[in-house]
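To keep things clear, I will list the structure first and then write my remarks on it.
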Amino acid sequence: MDYKVTKENFTVPSRLGGGVSQQSVELDYILPDYYPEIFKVLNLRILPSISARTLNGTRLEYELSAKIRLTYVSESGEMCAAEQVLTYNRSAELSGGRQSRRR
């Protein structure tokens, strides 16, 4: 009886850090002065994403992007929309060793 041995490399996800990163955006959004004045906000949506990341040893550096979509009614009664993208650079120190999982 012949046996065939197959060797393959595979990756196993492992948790490097258990922290939480928060970024306030409400003070950073500026509506340009060529847009009509806001009378009533109808909808405000913030879509966060991580646009870049690098790992140097135990230091994680990343760039956060927040796309802000604002729909509102102007003082003259017309419905308007504005969109802006804000970016933030952040870094975090990760825990020293890898955590092993046992079943």
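The values are calculated or read from the model by the stated rules, or taken from the named source; none is laboratory data. It should be emphasised that the depicted structure is a prediction, and the values quoted were computed from it without experimental measurement. Cβ coordinates were reconstructed from backbone atoms using ideal geometry, including for glycine residues, and neighbour counts include every protein chain displayed. The area values use the complete protein model at the heavy-atom level, side chains included, leaving out ligands, DNA and RNA. Shrake-Rupley method; radii C 1.70, N 1.55, O 1.52, S 1.80 Å.
Some observations on this one:
- Tabulated pairs, segment 38-54, first touching a residue at least 12 places away in the same chain (Cβ under 8 Å), second of a type in the set (A, V, I, L, M) and open to solvent by 80 Å² or more (accessible area, probe 1.4 Å), C-beta under 9 angstrom, 6+ apart or interchain: Leu42/Met79
- Residue list for segment 54-71, restricted to those being modelled with pLDDT of 90 or more and open to solvent by 90 Å² or more (accessible area, probe 1.4 Å): Arg69
- Leu44 being at pLDDT 90 or above, closer than 23 Å to Gln23 by Cβ and touching a Leu at 6+ places or on another chain (Cβ under 9 Å): yes
- Residue that is least open to solvent (accessible area, probe 1.4 Å) [pool: residues in segment 72-103 that are modelled with pLDDT of 85 or more, of a type in the set (A, V, I, L, M) and more than 21 Å from Ser24 (Cβ to Cβ)]: Val73
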